[in-house]
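What follows is a set of notes on a single structure, which appears directly below.
Throughout, read-outs are computed from the coordinates displayed, never taken from laboratory work. Predicted, not measured: the structure shown is a model, and the values here were computed from it. In this analysis, Cβ positions are derived from the backbone assuming ideal geometry, glycine residues included, and neighbour counts consider all displayed protein chains.
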Amino acid sequence: MFFKLFLLFTVVPVLELYLLIKIGTAIGVFETIMVVIITGIIGAWLARREGFHVLMSINRSLGRGEVPARKLVEGLLVFIGGTLLLTPGFLTDIIGFSFLIPVFRNIMVTIMIDHFKRSVKKGNVHFTVFRGEEKHPFSDGKVIDASDYSDDGEK
């Protein structure tokens, strides 16, 4: 895990800096700065819009008494995508936009859910429900099995 974090915090910034210098040399410094600013503005607008859509979908699911598992993962990706778009750089912008565009986000959500299901089946992920004197309002004290739920969070 340390090695992955090391790569994330060293290789990604170096790649971003390299791309900024190369693109700045090709199209000009002012133009490169403007592209970074414009992608940040568009990214903030898109993150707000998509975040609102996901939040409304979560509210509808909860109103019907459904578990909005898929939409919660989408919400996480929208948050990460918006954060990446506010980070200056071209590589992070590409990844950030892919998390905010619904078609690409749905592909990523499916991949993440499949990965999570495989981890549960391998026994790498465990769920624990703590029982105390006071009953938790969202749990009936039973252990939750993720394989009981479909891809959209429905039982």
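Quick notes on this one:
- Per-residue Karplus couplings for region 81-93, computed as 6.51 cos²θ - 1.76 cosθ + 1.60 with θ equal to phi - 60°, are listed in order as x, x, 5, 5, 6, 7, 7, x, x, 8, 5, 5, 5 Hz, Gly and Pro entered as x.
- From most to least packed by mean Cβ count within 10 Å, the peptides 46-59, 83-96 give 83-96, 46-59.
- Calculated FRET efficiency for the pair residue 6/residue 124, C-beta based, R₀ 25 Å, to 0.05: 0.65
- Karplus 3J(HN,Hα) series, Hz, for region 5-13 with 6.51 cos²θ - 1.76 cosθ + 1.60 (x for Gly, Pro): 5, 4, 4, 4, 8, 10, 5, 4, x
- Across region 9-124, the relative contact order, built from alpha-carbon pairs under 8 Å that are at least six residues apart, equals 26 percent.
- Computed over region 57-108: relative contact order in percent, which uses C-alpha pairs under 8 Å that are six or more apart: 27 percent
- Working from Cα pairs under 8 Å separated by at least six residues, relative contact order for region 79-118 is 30 percent.
- Put the Cα centre of region 67-111 next to the Cα centre of region 18-60 and the gap is 12 Å.
- Placing unit charges on the Cβ atoms only, positive for Lys and Arg and negative for Asp and Glu, gives region 9-124 a dipole magnitude near 620 debye about its Cα centre.
- 3J(HN,Hα) along region 115-120: 4, 5, 4, 4, 5, 5 Hz, from the Karplus curve 6.51 cos²θ - 1.76 cosθ + 1.60 with θ = phi - 60°, whole Hz, x for Gly and Pro.
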